[in-house]
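This report concerns only the one structure given below.
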Amino acid sequence: MAPELALAAAARIDADRAAGKPLPALAGVPLAVKDNMMLTGTRTTCASRMLENYESVYTATCVQRMLDAGCLPVGKANMDEFAFGSSTESSAFHRTNNPWDLERVPGGSSGGSAAAVAAGEVTLALGSDTGGSIRQPAALCGVVGMKPTYGAVSRYGVVAFGSSLDQVGPFGRSVADVALAMNALTGPGRDPRDSTSQDCPVDFLEHLEDGVAGRRVGIVPALMDAEGLTPEVRAAVTAAAKSLEAQGAELVEVELPNLDAAIAAYYVLGPCEAFSNLARFDGVRYGYQEPGCASLAEQSSLSRAHGFGAEAKRRQMLGAWLLSSGVYEKYYLAAQKARTLITRDYAAAYEKADVILMPASPRTAFKFGEMSDPTQMYLADLYTISINIAGNGGVSVPLGLGADSGLPVSAQLVGPAFKDRDLLTFARAVE
Ligand code: GLN
């Protein structure tokens, strides 16, 4: 991205200061923006050949609000193509290294945003999270990453993946930085341009230091014992639970009985929504257009064949099949039913606990190419996906370096819908 945008924003802040105007809360703070968010004056590529030369035609509400709060937009951040993935390896253009070990992935799909914050290139970054794409890369890069409750942050101007699951949120190096970003993102109130956006009238800094005495922290025994959870992550999350207890919180066991269905349900619902959203890339209206075609049908089919990478094709083919007659009833309807059951499980758990503490990722950052089987990668989404399915908020908080790998490990705090401020109070206590 050209530096002009950041320089112009900095010049405006200088002019305001010279004129004696009060400066906004994030004046001069460098910001990275995931490349699925529109920002006038930049391309929005979604890390896809399909949108390689696509110029943003307006600015997304989430980005505009960060700019209004004074942030300097220093770059668009790399990602998995159209946000499909957990490693940023499916980007059509760049490899993003994990700053802690350059041979390892930063996580994904918002891997560029997480890595930019971890490397100190920016202070804040925006990501989007459909099934973990903020919380998992935050965990693998050792930064704080928050997926707010669905509807808390506007999706206007963010290229859609799964519209009922997508949510924008911030990355920062501390919980307080993330609270400041949340104030900027939600402060002006609901966005009339996104019909699912809701008012979120809280000051995220207000109760940050309140502590957790007398609060109830839910632990799901099955999740602490899940296949694939590495001993170092389990040990770190268990230590975080003990620390919350030592600070006066009460640990309570809660069950999420239908969680077994979460990954399967997500990998039905996500591809179905993606198939429908990505139908707009037809080789005519947006993006890559195959030259020299004899018919419109050929143009559409070849543009899609050459514009999309392997994972984007896999998801769309899966979605197309899942929504076809005879198949739809068996899988899509079943997944919607599982969604209701999982949402009810969380509601029941929040009768007993104010938040739930769990890992964000079952393991620390993996090597490039290590998860070459897509199913293996999908299964690693165990701790993040059900939160998008239920629509509530989650925040991933770094807990230092793992005893075995020496790489960042994190815990995740998950809370009831629109209790996102509360989540940050707990996050602050384990930080
Ligand atoms: N890893 C999940 C997927 O591949 C989540 C992606 C996301 O949240 N955008 O779909």
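What follows is calculated from the coordinates using simple rules that are stated; it is not laboratory data. Quantities reported herein were computed from a predicted structural model and do not represent experimental measurements. Ideal geometry is used to build each Cβ from the backbone, glycine not excepted, and the neighbour counts take in all protein chains shown.
Laid out as a table, the results:
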| quantity | calculated |
| --- | --- |
| Placed amide H near residue 76: partners under 5 Å, 5+ positions off or other chain | 33 |
| ³J(HN,Hα), Karplus 6.51/-1.76/1.60, whole Hz, each residue of the stretch 302-312, x for Gly, Pro | 6, 4, 6, 4, 9, x, 9, x, 4, 5, 5 |
| Cα lying deepest toward the dipole's positive end in the chain, options 39, 299, 29, charges on Cβ | 299 |
| Cα gyration tensor, the stretch 198-263 - rounded (a/c under 1.5), prolate or oblate | oblate |
| Spin-label model distance (nm) - residue 213 vs residue 317, 7 Å beyond Cα toward Cβ | 6.0 |
| Protection-proxy order for peptides 234-244, 70-80, 130-140, each taking the mean of Cβ atoms within 10 Å per residue, highest first | 130-140, 70-80, 234-244 |
| Tensor-based shape of the chain (alpha-carbon gyration tensor, a/c under 1.5 rounded, otherwise prolate or oblate) | oblate |
| Likely footprinting exposure, 340, 230, 375, fewest C-beta neighbours within 10 Å first | 375, 340, 230 |
| Per-residue Cβ neighbour rank within 10 angstrom, fewest leading, 263, 387 | 263, 387 |
| Most to least packed among 307-314, 146-153 [average Cβ atoms within 10 Å] | 146-153, 307-314 |
| Whichever aspartates and glutamates have a C-alpha closer than 12 Å to that of residue 313, once near sequence neighbours (fewer than 8 apart) are set aside | 81 |
| Taking 373, 177, 420 and counting other C-beta atoms within 10 Å, the order from fewest to most | 373, 177, 420 |
| Simple label model, 7 Å out from Cα along Cβ direction - residue 23 to residue 227, nm | 5.4 |
| Proximal lysines to residue 419, defined as alpha-carbon separation beneath 20 angstrom and excluding residues fewer than eight positions away on the same chain | 147, 352 |
| Inter-label distance for residue 193 and residue 403, nm, one decimal - labels placed 7 Å from Cα along Cα-to-Cβ | 5.0 |
| Note, ³J(HN,Hα) from phi for the stretch 56-66, Karplus 6.51, -1.76, 1.60, rounded to Hz, x at Gly and Pro | 4, 9, 7, 10, 4, 4, 4, 5, 4, 5, 5 |
| Mean residue ellipticity (222 nm) of the chain, computed from DSSP H runs ≥ 4 via -39,500 (n - 2.57), nearest 500 | -11500 deg cm²/dmol |
| Euclidean distance of C-alpha centroids, the stretch 237-260 and the stretch 195-233, integer Å | 10 |
| Sorted peptide list for 248-257, 33-42, criterion being average Cβ within 10 angstrom, highest first | 33-42, 248-257 |
| Net length gained if the chain between residue 95 and residue 324 were fully extended (0.36 nm per residue, minus Cα distance) | 78.9 nm |
| Partners for residue 367 among lysines (Cα-Cα distance below 23 Å; same-chain residues under 8 apart left out) | 34 |
